[in-house]
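Inspection log for the structure reproduced underneath, given as structure tokens.
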Amino acid sequence: RHSLAFPEHDLPAPMKVGRKLMALRPTRSGAAPTVLLDAGTGALGSPSVSFDGRSIYFSMAPAGGSFFHLYQLPATGGPPRQLTDGPFHDIDPVELPDGRIVFTSTRIGTYDEYHAPPSRALFSLSATGGAIRLLTSTFIFDNEPEVLANGRLLFIRSDNFFDRGKVETLLHATYP
């Protein structure tokens, strides 16, 4: 429970996990990175930039925390603002053109049919961090939402069969 190692069948974690969020300014060879946020002994991951370039959304399990939640950070750095809370893993945030945030979460309350880790579905929340709404429903895993040019969401739905070493991965699209 206190490990920061996340094998494929553990509780959900962002696909890209680290301890520091950094920026390159200017973005050219030889530029030194600037630390925007250091999670210390916690973990952060799945950063995405807002459409206007002023904010960075990411998932973080702070030092001593048991769950990943969503945060918003000014692109220039500063203190992060927590957007979600509760006994759920909230990961993979991405901003929609209307300002809402879509994310992956275990708050759906179902469990994988084979090995019983918490299922993950897509949810949205308002830009201010409230009005959480379910977008997809599954008893397996919906992950990594991305916004398409036409406003739809592309996401991965995966089903793991660990005893057979098999993973079924499908791309789905939906309107948010």
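Taking the numbered list (1) assigned to a strand (DSSP E or B); (2) without any contact (Cβ under 8 Å) to a residue 60 or more places away in the chain in turn, THR84 passes all entries but (1). Figure legend. Inter-residue proximity from the stretch 96-107: first residues without any contact (Cβ under 8 Å) to a residue 40 or more places away in the chain, second residues open to solvent by 50 Å² or more (accessible area, probe 1.4 Å) and β-branched (Val, Ile, Thr), beta-carbon distance below 6 Å, spacing 6+ or different chains. No pairs are indicated. Can you tell me which residue in the stretch 87-107 is nearest to ASP52 (Cα to Cα), limited to those that are outside any strand (DSSP E or B) and in contact with a Pro (Cβ under 6 Å, 6 or more places away or on another chain)? Among those residues, the one meeting the criterion is LEU96. Which of the residues belonging to the stretch 42-89 are surrounded by 21 or more Cβ atoms within 10 Å (Cβ to Cβ), among the β-branched types (Val, Ile, Thr) and more than 20 Å from THR106 (Cα to Cα)? Within the stretch 42-89, ILE56 is the sole residue that qualifies.
Being surrounded by fewer than 17 Cβ atoms within 10 Å (Cβ to Cβ), modelled with pLDDT of 85 or more, under 14 Å from PHE103 (Cα atoms) and in contact with a Leu (Cβ under 6 Å, 6 or more places away or on another chain): is that true of THR174 here? So THR174 fits the description; yes.
Applying the criterion of being touching a residue at least 60 places away in the same chain (Cβ under 8 Å) and assigned to a strand (DSSP E or B) to the residues of the stretch 108-140, the residue that is surrounded by the fewest Cβ atoms within 10 Å (Cβ to Cβ) is PRO118. Only one of the listed residues (ALA5, ALA32, ALA39) is among the aliphatic types (A, V, I, L, M), under 23 Å from VAL94 (Cα atoms) and either open to solvent by 30 Å² or more (accessible area, probe 1.4 Å) or at pLDDT 90 or above (or both). That residue is ALA39. For GLU95, state whether it is more than 27 Å from LEU24 (Cα to Cα) and open to solvent by 20 Å² or more (accessible area, probe 1.4 Å). No; evaluated as a whole, the condition is false for this residue.
Applying the set (1) at pLDDT 90 or above; (2) of a type outside the set (Phe, Trp, Tyr); (3) surrounded by fewer than 16 Cβ atoms within 10 Å (Cβ to Cβ) to THR104 leaves exactly one unmet item: (3).
The values are calculated or read from the model by the stated rules, or taken from the named source; none is laboratory data. Predicted model, so just to flag it, every value in this text is computed and none were measured. Here Cβ is always computed from backbone atoms with ideal geometry, including for glycine, and neighbour counts include all displayed protein chains. Areas reflect the complete protein model, heavy atoms only, side chains present, ligands, DNA and RNA absent. Shrake-Rupley method; radii C 1.70, N 1.55, O 1.52, S 1.80 Å.
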